1. What number comes out for the charge environment of GLU230, summing +1 per Lys or Arg and -1 per Asp or Glu over other residues with Cβ under 15 Å away?
2. Could you pull the Rg and Dmax for the range 61-191, using just the Cα atoms, both in Å?
3. Can you give me the pair-distance distribution of the chain, C-alpha pairs, 5 Å bins, whole percents?
4. Along the charge dipole of the chain, pointing to its positive end and built from +1/-1 on Cβ of Lys, Arg, Asp and Glu, which listed residue (VAL1, ALA240, VAL101) has its Cα farthest out?
5. Can you tell me which of 117-126, 24-33, 258-267 comes out highest on packing, and rank the rest after it, using the mean Cβ neighbours within 10 Å?
6. Could you state the number of Å between the C-alpha centres of the range 186-217 and the range 229-288?
7. Can you tell me how the range 121-213 classifies by the Cα gyration tensor, rounded, prolate or oblate, using a/c under 1.5 as the rounded cut?
8. Based on Cβ point charges of +1 for Lys and Arg and -1 for Asp and Glu, what charge dipole magnitude is obtained for the range 152-231 about its Cα centre, in debye rounded to the nearest 20?
Amino acid sequence: VRADGTIPLRELWAETARVVGDRHRARWLCETAAGCDGAEFLESLDDPVTERMVAHLDAMLARLRDGEPLQYVLGSWGFRRLSLLVDRRVLIPRPETETVVDHALAALRARPRPWRVADLGTGSGAIGLAIADEVWHDGLQVWLTDASADALDVARANLAGVGRAASAVRVAQGSWYEALPSDLGGSFDLIVSNPPYIAVDDDRVEPIVREWEPGGALFAADEGLAAVREIVAGATTWLAPGGTLVVEIGTDQRVVALAAANSAGLIDSRIERDPAGHDRVLVARRAA
Ligand SMILES: C[S@@+](CC[C@H](N)C(=O)[O-])C[C@H]1O[C@@H](n2cnc3c(N)ncnc32)[C@H](O)[C@@H]1O
């Protein structure tokens, strides 16, 4: 505390780090409380902390003490170039899903523009909005769908974060392909999805995930495979000739996912790994 009674932001950060035991987490919390980040945060370290900032920080620390995930407490989380609003209505975007976007973009780049894309089960909008943000062009169409109206509210709120690329985005509610207008059948250059793929009784799911994240975003029937199977089965109906399906899968679902792709009549099926080296992404194509 300074002679004039004020506390510099740097001191609030140090104190928060003592409380949460981690300087990086403490920085994210202080950035959120201060309403600035990056270079702006570092330039403000000598500025006095306001009462509002302390109240906000205290509220966040109380939620962390209750066991809530840091990302929900902060209210936003990074995914590729975007900072996405996240709360309990949506899954927290995971780093391995960034790999899904890499394969989706690689497939798109092999095709003539403009592209039509569907992100099925979009949640926060992570995959579809990252694609719109990174490859926006005239005529691009990115459909964000979800069965959850709550999730789509979050995805809509995140539209603001992609600037003019928002003009490419369409939002539609419904179960998998049912959300899409039927006249778009056979016209998608890319169908991409990170569906729920965990078996309901999988005891490897961390308690904090099971307790806080939406069950409908995590778990699927049929040992976790029901959604993957449905998405794969419908792909040839919705993809344009030569279009690509990219689906995130569980690390032990490789064989079933490839078999499903083959029986759906898709070709060139393969499984790609995530940065941790786990089988994670099914990539397959509709014949040209
Ligand atoms: C694993 S989360 C993925 C969220 C986001 N795409 C991401 O990667 O962070 C799965 C999403 O699928 C949605 N979902 C579950 N069942 C669905 C269905 N039958 N039709 C459409 N979306 C569904 C959930 O609401 C959830 O948002």
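Each value in this text was obtained by applying a stated rule to the coordinates, not by laboratory testing. Keep in mind the model is a prediction, meaning the values are calculated, not measured. Methodologically, a virtual Cβ is constructed for each residue, glycine included, from the backbone with ideal geometry; neighbour enumeration extends over all protein chains shown.
1. Cβ neighbours under 15 Å give a net charge of -4.
2. Using the Cα atoms of the range 61-191, the pair Rg, Dmax is 15.0, 51 Å.
3. Histogramming the chain at 5 Å steps yields 1, 6, 12, 15, 16, 14, 11, 8, 6, 5, 3, 2, 1, 0, 0 percent.
4. Among VAL1, ALA240, VAL101, the one farthest towards the positive end of the dipole of the chain is ALA240.
5. So the peptides 117-126, 24-33, 258-267, ranked by packing, come out 117-126, 24-33, 258-267.
6. Taking the Cα centre of the range 186-217 as reference, the centre of the range 229-288 is 16 Å away.
7. Taking the square roots of the gyration eigenvalues as a ≥ b ≥ c, the range 121-213 is prolate.
8. 520 debye
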